[in-house]
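Following: one structure in structure tokens, then a few remarks.
The values are calculated or read from the model by the stated rules, or taken from the named source; none is laboratory data. Keep in mind that this is a model prediction, so the values were computed, not measured. Note that each Cβ is placed from the backbone with ideal geometry, even for glycine, and that neighbours are counted across all protein chains shown. Surface accessibility is based on the protein's heavy atoms, side chains included, excluding ligands, DNA and RNA. Shrake-Rupley method; radii C 1.70, N 1.55, O 1.52, S 1.80 Å.
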Amino acid sequence: MHESLRVNGSRLERRLEELARIGALESGGVCRLAFSPADKAGRNYVEGRMRSLGLEVRIDAIGNLMGIRPGREPGPVAVCGSHTDTVGTGGRYDGATGVLAGLEVMETLNEAGITTQRPLAVISFVNEEGARFMPDMMGSLFVRGDLGIGQARAVIGIDGTSVGSNLDDDTFPGSDDFHGFSFGSYLELHIEQGPVLESEGIQIGVVEGVQGIRWIELNLEGAAAHAGATPIEMRRDAGYVAGAIAQYARRLSLEIDAQRATVGFLSLYPNLVNVVAEQARLTVDLRNPDSARLGEAERRLHDFVEQTAALERVRVRSEKRVDVAPVVFDARIVGIVEAKARVLGVSSRRMISGAGHDAQIMAGLCPAAMIFVPSSGGISHNVREYTSAADIECGANVLLHTLLELGASNSGTDHAKFMQFNGLTSF
Ligand code: HGY
Ligand code: MN
Ligand code: MN
């Protein structure tokens with residue numbers, strides 16, 4: 001069906017360029033931290049694009065934005081999308097690629113005068129990154145019902161402000177409710193953010209699942225002291241314990257199969273050259289495709305922190321901020337992605353995602369899968385992040401043709417059962 005249809009790659013490249021100007025950094029990257037003015041401007045840009053394509057725009061209480069394209073019949077919606085918030089030193093492709101490629105697919109279908117049997121939609125989730133306000137994937141967790149609006153609004157960010165105070169803006173939150181929305185399937189195009197596809201010269205990643213994620217936030221309380229006059233045995237050095245934890249994170253990565261552990265956030269108080277640190281606040285990001293090994297890493301970290309802090313007489317407050325299980329994507333949709341790549345004559349390989357994504361959360365709500373395109377040099381969460389326009393066009397064509405298939409039928413969801421289960425009469 002519509003085998004010869006293709007997206008307009010140069011138009012998509014222009015849209016990525018337009019969005020990248022919002023929150024642009026001098027270094028060439030992008031900073032649109034969640035719920036910041038730049039993030040809202042980016043979200044408003046996408047909303048404007050949705051309206052210009054004639055999509056029905058809906059916005060929920062936390063700012064998740066969805067543009068719906070009706071089908072010939074009501075029913076479970078074949079949804080695609082991603083996010084437009086970024087980390088502080090972000091690139092222009094992480095998240096934006098999936099949202100703008102989804103809109104490019106809608107524009108291509110508009111131009112071709114094609115109406116799918118089932119409705120299609122593009123969604124842009126808020127705060128996928130979690131870099132300013134933990135947890136990550138906050139927007140999709142809210143849609144899935146894991147997080148209430150009160151809980152989300154109460155979250156305090158690394159800058160000391162609350163989500164609620166940043167949300168209270170007449171342009172950002174909406175009054176629509178996506179709970180119980182008729183999600184028939186969710187498909188996310190994303191850059192790989194790692195080295196695999198590029199190193200093997202492969203154009204498309206057929207993503208079978210995502211590894212598990214746990215974020216542990218540690219607050220250490222020691223005692224400030226003179227860096228010169230204070231003997232070592234008298235110290236209660238929060239900075240020393242924090243440094244030991246960062247080093248132990250690497251040991252966990254080396255000793256536990258497929259484990260990745262990272263101390264990415266670390267702040268000391270008073271953070272002065274000649275003062276033994278009184279306080280330290282740090283996070284440990286643990287990842288593993290296997291839940292049991294992820295649990296082992298968390299347990300070993302906990303024991304190490306307790307022992308090291310006790311020896312240094314430093315108090316520890318530990319809080320788990322993220323705990324997202326590994327997911328396996330819907331085999332049927334994964335198969336369709338692989339088949340469409342083959343029909344389009346592009347190389348592909350199956351793989352697991354190292355990075356977390358909204359698709360990992362949506363997989364708990366409806367059949368979900370992802371499409372990867374290569375990251376140049378395997379880098380991301382770095383201003384030098386780059387994916388070529390040709391690779392993005394290739395990914396967008398796989399997205400187009402997979403969505404055409406998902407929008408042609410009940411896409412792995414029995415319509416009657418789905419409507420009855422959700423007490424729905426129409427989407
Ligand atoms: O942390 C992640 O994997 C994602 O970029 N939020
Ligand atoms: Mn992302
Ligand atoms: Mn990211």
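Inspection of the stretch 155-162 finds a residue satisfying the criterion of being closer than 19 Å to ASN271 by Cα, open to solvent by 50 Å² or more (accessible area, probe 1.4 Å) and of a type in the set (Val, Ile, Thr). Of all residues in the stretch 169-195, those that are touching a residue at least 40 places away in the same chain (Cβ under 8 Å) have Cβ atoms under 6 Å from Cβ atoms of residues that are open to solvent by 10 Å² or more (accessible area, probe 1.4 Å) and of a type in the set (Ser, Thr, Tyr), 6 or more apart or on another chain, in GLY184/THR413; ILE191/TYR93; GLN193/SER380.
Residue-level check: of (1) of a type outside the set (A, V, I, L, M, F, W, C); (2) within 14 Å of ligand 1 (Cβ to nearest atom); (3) open to solvent by 30 Å² or more (accessible area, probe 1.4 Å), GLU338 misses just (2).
Residues in the stretch 48-68: is at least one more than 28 Å from THR108 (Cα to Cα) and out of contact with any Cys (no Cβ under 9 Å at 6 or more places or on another chain)? Yes; the residues of the stretch 48-68 include at least one that is more than 28 Å from THR108 (Cα to Cα) and out of contact with any Cys (no Cβ under 9 Å at 6 or more places or on another chain).
Scanning the stretch 62-91 for residues that are open to solvent by 10 Å² or more (accessible area, probe 1.4 Å), touching a Gly at 6+ places or on another chain (Cβ under 7 Å) and farther than 21 Å from LEU400 by Cβ yields a single hit, THR89.
Looking at this structure, is THR308 farther than 29 Å from GLY9 by Cβ, of a type in the set (S, T, N, Q) and in a helix (DSSP H, G or I)? So THR308 passes the test. For GLN307, the criteria (1) within 16 Å of ligand 3 (Cβ to nearest atom); (2) within 18 Å of LEU218 (Cβ to Cβ) hold in every case but one, which is (1). When you scan the stretch 164-205, how many residues do you find that are closer than 19 Å to GLY354 by Cα, away from ligand 2 (no atom under 16 Å from the Cβ) and of a type in the set (Gly, Ala, Ser)? Going through the stretch 164-205 one residue at a time, the tally reaches 2.
Here is a yes/no grid of residues against (1) in a strand (DSSP E or B); (2) within 16 Å of ligand 3 (Cβ to nearest atom); (3) in contact (Cβ under 8 Å) with a residue 60 or more places away in the chain:
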{"position": "ALA359", "(1), (2), (3)": "no, yes, yes"}
{"position": "ALA369", "(1), (2), (3)": "yes, no, yes"}
{"position": "ASN382", "(1), (2), (3)": "no, yes, yes"}
{"position": "GLU385", "(1), (2), (3)": "no, yes, yes"}
{"position": "ASP391", "(1), (2), (3)": "no, no, yes"}
{"position": "CYS394", "(1), (2), (3)": "no, no, yes"}
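Of the residues making up the stretch 281-305, those that are touching a Ser or Thr at 6+ places or on another chain (Cβ under 8 Å), outside any strand (DSSP E or B) and over 30 Å from GLY228 (Cβ atoms) number 1. Among the residues of the stretch 127-167, what is the count of those that are of a type in the set (Lys, Arg), within 16 Å of ligand 1 (Cβ to nearest atom) and touching a Ser or Thr at 6+ places or on another chain (Cβ under 8 Å)? So the answer is 1.
Applying a threshold of 6 Å to beta carbon distances and a minimum spacing of six or more residues, or different chains, the list of pairs starting in the stretch 1-30 at a residue that is among the charged types (D, E, K, R) and at pLDDT 95 or above and ending at one that is open to solvent by less than 70 Å² (accessible area, probe 1.4 Å) and in a helix (DSSP H, G or I) reads ARG6/ASN397; GLU13/ALA389; ARG15/LEU100. Looking only at the stretch 230-280, filter to residues that are outside any loop (DSSP other than H, G, I, E, B) and of a type in the set (D, E, K, R); which one of those is surrounded by the most Cβ atoms within 10 Å (Cβ to Cβ)? The qualifying residue surrounded by the most Cβ atoms within 10 Å (Cβ to Cβ) is ARG260. A single entry from GLY184, GLY180 fulfils the requirement of being more than 19 Å from the chain's Cα centre (by Cα) and closer than 24 Å to GLN211 by Cα: GLY184.
A single member of SER375, SER348 is at pLDDT 95 or above and surrounded by fewer than 24 Cβ atoms within 10 Å (Cβ to Cβ), and it is SER348. Picking from residues in the stretch 62-116 that are of a type in the set (Asp, Glu) and either closer than 19 Å to MET370 by Cα or within 13 Å of ligand 2 (Cβ to nearest atom) (or both), the one that is farthest from the chain's Cα centre (by Cα) is GLU104.
Among residues of the stretch 107-128 being buried (at least 24 other Cβ atoms within 10 Å of the Cβ) and among the aliphatic types (A, V, I, L, M), the one that is nearest to ligand 3 (Cβ to nearest atom) is VAL126.
Is at least one residue of the stretch 79-86 in contact with a Ser or Thr (Cβ under 9 Å, 6 or more places away or on another chain), away from ligand 1 (no atom under 16 Å from the Cβ) and at pLDDT 95 or above? Taking every residue of the stretch 79-86 in turn, at least one turns out to be in contact with a Ser or Thr (Cβ under 9 Å, 6 or more places away or on another chain), away from ligand 1 (no atom under 16 Å from the Cβ) and at pLDDT 95 or above.
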